[in-house]
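A.B. asks: One structure follows; several queries about it will come next.
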Amino acid sequence: MTIVNDEIKGMEAWLETLQPKVYGNFIGGEWVDSNTSKTFSIYNSAKKDQLLASFQDSNDYDVDQAVKAANEAFKNWSKVPGPDRGALLYKFADLLEKNIEELAFMLSAEQGKVFNESIGEVYRAAKETRFAAGEAFRIDGNTLPGERPNVWNSTVRQPIGVIAAIAPWNFPVVTPVRKIAPALAFGCTVVFKPASATPWTSARLMELFAEAGFPKGVVNLVVGGGSKVGTPLVNHPLVKGISFTGSTNLGIQINESAGKRLVKTQLELGGKNPAVVLDYENVEEVAKQIVSAAFAVSGQRCTAISRVIVHKNLKEDLTDAILHEMKQLQVGPAWEKGVTMGPLMDKNQLEAVQKYVQIGKEEGATLLYGGEQLQGGKYDDGYYLAPTLFENVTTEMRIAKEEIFGPVLSIITVNDETEAFEVANSVAYGLAASIFTNNLSSAYEFADKVESGMVHINHGTASAAHLPFGGVKQSGFGAYSIGHSNIEFFTNIKAVYFQY
């Protein structure tokens with residue numbers, strides 16, 4: 001969808017007339033205040049003094065009430081025929097698209113991404129919902145030959161129960177939907193904890209789930225900090241599965257806690273994603289793919305390309321092409337015409353990325369472009385960093401090994417294909433990887449050898465709404481999300497023997 005200037009102006013006008021409200025938690029189909037009687041507020045990422053909304057500063061009591069409501073609802077929801085569950089999800093997908101402009105306004109305001117990216121995120125959430133709705137028709141088992149006469153053998157799938165869904169702040173529409181929609185399709189119920197930085201669109205999603213006709217208690221929302229909400233949610237005895245997207249360190253902690261109770265986990269964690277460039281016919285097209293994948297959402301996404309691994313003979317031309325593309329990026333607030341990159345999420349995120357820029361300099365990398373905080377005029381209202389490019393980066397440097405989660409791209413030069421593949425695998429992460437080559441053999445060898453959950457050949461790290469999404473090594477654990485692989489997380493398998 002192409003966004004016209006009137007729609008962008010509409011966002012600014014909408015924000016000017018906004019009347020901030022205080023949201024409750026959504027528990028058992030009702031909006032209720034927290035047991036703490038405390039609230040906190042969120043502000044516009046690109047206009048940091050503009051209040052957007054306030055939310056409950058919840059605690060373990062609120063979590064307990066939500067989990068009990070979900071557990072009670074599970075008794076009936078798990079018995080609803082799959083096609084009927086799917087029908088409600090189709091309604092929800094339609095409502096996402098019906099309310100797409102409002103959701104995009106809210107998303108851009110609380111998270112900071114540009115309006116086109118927000119529109120795309122809502123459309124993607126609708127696509128994933130429709131795929132999940134279809135999965136409700138495909139909860140398949142097997143009928144197998146018996147090893148004894150007069151015995152039929154079969155396997156069936158059953159929903160596991162209450163799901164704790166915990167999402168990060170960078171994709172506050174699609175990530176919640178990615179967890180909630182398949183859970184509901186397979187017959188589970190959900191207690192959802194959004195990131196405290198971006199709970200606004202999550203509250204609107206709860207309203208749309210209710211409008212779609214989901215029974216009370218099937219989907220619940222509890223807002224608050226990790227220690228007061230996330231920890232008791234993960235450890236609640238009625239929670240049977242935990243779907244978490246966030247940092248690797250926190251994911252490991254969650255997995256340790258869940259392991260003590262033998263509770264399933266689905267973990268989508270960090271990334272340090274490479275783009276290996278071995279050859280090309282059109283260097284400009286390769287640069288466009290890399291820059292788009294590196295600087296979307298201001299680099300604040302786990303699948304962002306952060307390392308360009310290029311053959312030494314191609315390095316100069318590719319670097320020039322990447323620089324040209326980066327200079328076309330326009331940084332600013334979501335409602336400004338022509339803007340292609342928004343602010344960083346908040347002051348803490350800006351300072352964290354600035355620290356890595358400084359580390360890169362100290363380690364001996366060459367800062368080729370950007371790296372500075374943008375200031376003056378509109379830039380003083382948010383946390384803006386110029387898109388950043390380092391060259392002369394080596395594999396031992398921290399900027400080549402650690403997830404920065406910001407608009408920072410590093411160029412690493414290699415001597416041959418073998419070294420390129422080794423460098424691609426030289427980090428602790430293994431989420432997404434790209435290769436650019438016209439050599440079919442090299443492409444297949446890379447797809448086979450790269451230690452990554454997702455491989456992209458001759459394009460950036462853009463995933464699809466129906467393929468499994470996940471990583472290996474320190475990038476993920478448990479069943480991949482989005483695709484049919486979700487069935488391994490949201491259901492348990494049962495073997496049935498029938499003698500006649």
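A.B. asks: Quick check: is even one residue across the stretch 277-284 surrounded by 19 or more Cβ atoms within 10 Å (Cβ to Cβ) and either in the same structural domain as Glu121 (by TED's automatic domain parsing) or assigned to a strand (DSSP E or B) (or both)?
C.D. replies: Scanning the stretch 277-284 turns up at least one residue that is surrounded by 19 or more Cβ atoms within 10 Å (Cβ to Cβ) and either in the same structural domain as Glu121 (by TED's automatic domain parsing) or assigned to a strand (DSSP E or B) (or both).
A.B. asks: Same structure again: I'd like the full set of residues that are part of a loop (DSSP other than H, G, I, E, B) and modelled with pLDDT of 95 or more, limited to the stretch 473-500.
C.D. replies: Gln474, Ser475, Gly478, Ala479, Tyr480
A.B. asks: Taking the conditions exactly as written (basic (Lys, Arg), farther than 30 Å from Asn439 by Cβ and not assigned by TED's automatic domain parsing to the domain that holds Asn392), does Lys327 satisfy them or not?
C.D. replies: On the way: basic (Lys, Arg): yes; farther than 30 Å from Asn439 by Cβ: yes; not assigned by TED's automatic domain parsing to the domain that holds Asn392: no.
Against the criterion (basic (Lys, Arg), farther than 30 Å from Asn439 by Cβ and not assigned by TED's automatic domain parsing to the domain that holds Asn392), Lys327 does not qualify.
A.B. asks: Being outside the structural domain of Thr245 (by TED's automatic domain parsing), more than 30 Å from Val151 (Cβ to Cβ), over 17 Å from the mean Cα position of the chain (by Cα) and crowded, with 20+ Cβ neighbours inside 10 Å narrows it down to one residue among Phe489, Phe390, Phe405; which is it?
C.D. replies: Values: Phe489 fails: outside the structural domain of Thr245 (by TED's automatic domain parsing); Phe405 fails: over 17 Å from the mean Cα position of the chain (by Cα).
On inspection, the qualifying residue turns out to be Phe390.
A.B. asks: So Ser58 clears everything in (1) more than 30 Å from Ala334 (Cβ to Cβ); (2) of a type in the set (Ser, Thr, Tyr); (3) in a loop (DSSP other than H, G, I, E, B) except one condition, right? Which one?
C.D. replies: (1)
A.B. asks: If Trp335 meets every condition in (1) assigned to a loop (DSSP other than H, G, I, E, B); (2) of a type outside the set (Lys, Arg); (3) out of contact with any helix residue (DSSP H, G or I) (no Cβ under 9 Å at 6 or more places or on another chain) apart from one, which number is that one?
C.D. replies: (3)
A.B. asks: Let me ask something else. Which one is nearest to Gly112 (Cα to Cα), of the residues in the stretch 19-31 that are without any contact (Cβ under 8 Å) to a residue 60 or more places away in the chain and surrounded by fewer than 17 Cβ atoms within 10 Å (Cβ to Cβ)? First the steps, then the outcome.
C.D. replies: First, pick out the residues of the stretch 19-31 that are without any contact (Cβ under 8 Å) to a residue 60 or more places away in the chain: 19-22, 24, 31.
From the residues that got through so far, the ones that are surrounded by fewer than 17 Cβ atoms within 10 Å (Cβ to Cβ) too are 19-22, 31.
Values: Gln19: 19, Pro20: 18, Lys21: 20, Val22: 21, Trp31: 27 Å.
Taking the candidates together, the pick is Pro20.
A.B. asks: Can you report the number of residues in the stretch 89-114 which are part of a helix (DSSP H, G or I) and either over 17 Å from Lys127 (Cβ atoms) or not assigned by TED's automatic domain parsing to the domain that holds Thr201 (or both)?
C.D. replies: Residues meeting the conditions: 8.
A.B. asks: Give the stretch 352-373 a look and list any residue that's among the aliphatic types (A, V, I, L, M) and in contact with a helix residue (DSSP H, G or I) (Cβ under 9 Å, 6 or more places away or on another chain), or say none.
C.D. replies: Residues satisfying the conditions are Val353, Val357, Ile359, Ala365, Leu367, Leu368.
A.B. asks: Among the residues of the stretch 350-370, write down those that are farther than 23 Å from Lys315 by Cβ and either outside the structural domain of Phe295 (by TED's automatic domain parsing) or of a type in the set (A, V, I, L, M) (or both).
C.D. replies: Leu350, Ala352, Val353
A.B. asks: Could you list, ordered by first residue, the pairs with Cβ atoms under 6 Å in which the first is in the stretch 428-446 and within 21 Å of Met397 (Cβ to Cβ) and the second is of a type in the set (Asp, Glu), at least 6 apart or interchain?
C.D. replies: Gly430/Glu451
A.B. asks: Out of the residues in the stretch 243-276 that are in a helix (DSSP H, G or I) and in contact with a Leu (Cβ under 8 Å, 6 or more places away or on another chain), state the one that is surrounded by the fewest Cβ atoms within 10 Å (Cβ to Cβ).
C.D. replies: The residue in question is Asn255.
A.B. asks: Could I ask something else about it? Taking Lys228 as the residue in question, decide whether it is more than 27 Å from Leu88 (Cβ to Cβ) and touching a helix residue (DSSP H, G or I) at 6+ places or on another chain (Cβ under 8 Å).
C.D. replies: So Lys228 fits the description; yes.
A.B. asks: Can you confirm whether Val177 is surrounded by 24 or more Cβ atoms within 10 Å (Cβ to Cβ) and more than 16 Å from Gln111 (Cα to Cα)?
C.D. replies: On the way: surrounded by 24 or more Cβ atoms within 10 Å (Cβ to Cβ): yes; more than 16 Å from Gln111 (Cα to Cα): yes.
Answer is yes for this residue.
A.B. asks: Filter the stretch 444-466 down to residues that are of a type in the set (D, E, K, R) and in a loop (DSSP other than H, G, I, E, B), then give me how many there are. Write out each step before concluding.
C.D. replies: Residues of the stretch 444-466 of a type in the set (D, E, K, R): 445, 448-449, 451.
Adding the requirement that they be in a loop (DSSP other than H, G, I, E, B) leaves 451.
So the answer is 1.
A.B. asks: A follow-up question, please. So which residues in the stretch 84-122 are over 22 Å from Gly342 (Cβ atoms), among the basic types (Lys, Arg) and surrounded by 21 or more Cβ atoms within 10 Å (Cβ to Cβ), if there are any at all? Don't jump to the end; show me each part of the working.
C.D. replies: In the first step, residues of the stretch 84-122 are kept if they are over 22 Å from Gly342 (Cβ atoms); the result is 84-95, 97-98.
Narrowing further to those that are among the basic types (Lys, Arg): 85, 91, 98.
Selection gives Arg85 alone.
The values are calculated or read from the model by the stated rules, or taken from the named source; none is laboratory data. Only a predicted model underlies this, so the values are computations on that prediction, with no experimental measurement involved. Neighbour counts are summed over all protein chains in view; Cβ atoms, including those assigned to glycine, are modelled from backbone coordinates with ideal geometry.
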